[in-house]
1. How high is the relative contact order of the chain, in percent, counting Cα pairs under 8 Å that sit 6 or more residues apart?
2. If packing is taken as the average number of other Cβ atoms within 10 Å across a peptide's residues, how do 55-61, 154-160 rank, most packed first?
3. Listed highest first by mean packing, meaning other Cβ atoms within 10 Å per residue, what order do 23-29, 146-152, 254-260, 329-335 come in?
4. Along its three principal axes, how long is segment 116-158 when you only count alpha carbons? Whole Å, largest extent first please.
5. Set the bar at 23 Å for Cα to Cα. Now go through K36/K223; K285/K391; K278/K391; K36/K311 and name every pair that lies beyond it.
6. Just subtract the alpha-carbon distance of S86 and V158 from 0.36 nm times their residue separation and send over the number in nm, one decimal.
7. In Å, the Kirkwood hydrodynamic radius of segment 2-129 over pairs of distinct alpha carbons?
8. From zero outward in steps of 20 Å, how is the percent of C-alpha pairs of the chain spread across the bins?
Amino acid sequence: MKHFILFDDRWSDLLPLTFTRPVADLRVGILTIREKWERYLQSSASFFTEPYLREKFPAIIGEDNYFINGSVLPDESLVNAMLALSEGEYLVKANTILAARLGETAAANFSNDIAHAEHIITYSAEVLQIRYTYDIFMLNGKALERDFKMLTQGRTSVPLSSSNGIIGGENIFVEEGARVEYAIINASTGPVYIGRGAEIMEGCMIRGPLALCDHAQLKMGAKIYGPTTIGPNCRVGGEVQNVVIWGNSNKAHDGFLGNAVLGEWCNIGADSNNSNLKNNYSEVKLWNYTAEKFLPTGLQFCGLIMGDHSKCGINTMFNTGTVVGVSANIFGAGYPRNFIPSFSWGGYQGLSVYPLQKAFETAEKVMLRRNQQFTEVDKRILQHIYMITEKYRRF
């Protein structure tokens, strides 16, 4: 029996989004990276991740194991090359391990260090890889189009009501149980996928590509510019452009969010905005946890990166290229700093430590609203994140 294990690569470069999950649990396009691989492989996959995450995301290893780079998006060529590996071989592109096939003993000692790869097979085709947090919104258009083709091939969309104004209807796919009335949808600029039980309320204006995942909701009058992904169970309103929202998060009110990534269990207060372009049009720098400093991105447009369980109050103003950690609570007038550590409380006028027990209480209440439990395992993960991020909270 084949075992497929998605190993972390670029994990620290993808913080704060990976503080709470393996790299392959990131969402880009319609599906998470794990979900993409599982569909191509027609098999389940497990994770090889950071030690403190393994209780929630365990690796399942057997006699025949395929280790797959969890930061790489699959396509047919890559999947076929990986499955063609013999035991002990590594599939490599530009000093990056894409995959390895290992027996049980070698698998127990797996490392994604290229120096451990003895038998190398070079892969020359194009690879889409999530290397930095901003790659998630930068590559979202390509990933969304790939997922759209995979999910809709050979299937028939549920028809849209005649109350809607539609352009490019052949590029729209609606799953069972979705509700869409009196919306304007332009799919000539990219596909629009509307998931099971999702709702687009009256007056919404959508310009694809867009993925509105299962049971997500667009509030009345929302303005959505693609490529944008709104994950399962999210509530979104206002103006959104080139944004990826994981799932179970809310930006339900007016305000602009652009070139941004939000984790799970986040909430953006009413009339909050992020800047995605500097006034002098210069390159945006972004906080990088590996370097522990701000690094150039090569981008002119870059907005907000926010980790799981973080929230902001009404009228919050995020500067260009702001990184917010896990379980931060931001509020008050003025622009807060553009690196806000995990478990921070406050804003422009100063930050203090958000006590761990208070963060637990909030997480439990928020998750119950989606009928999900905040487990003891979740608590241990947040407790570990609290400890390893303490050095950033020198307020």
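No value in this document is a laboratory result; all are computed from the given coordinates. Note that the structure is predicted; figures quoted are calculated from it, not measured. FYI the Cβ positions are ideal-geometry reconstructions off the backbone, even for glycines, and counts take in every protein chain you see.
1. 10 percent
2. Details: 55-61: 15.9, 154-160: 10.9.
So the order, starting with the most tightly packed, is 55-61, 154-160.
3. Values: 23-29: 26.4, 146-152: 18.1, 254-260: 22.3, 329-335: 16.1.
Peptide ranking by packing, descending: 23-29, 254-260, 146-152, 329-335.
4. Taking the Cα atoms of segment 116-158, the three principal extents are 51, 27, 16 Å.
5. Working: K36/K223 28 Å; K285/K391 21 Å; K278/K391 29 Å; K36/K311 29 Å.
Those over the limit are K36/K223; K278/K391; K36/K311.
6. The S86-V158 span can extend by a further 21.6 nm.
7. With all distinct Cα pairs of segment 2-129 included, I get 14.5 Å.
8. 28, 57, 15, 0
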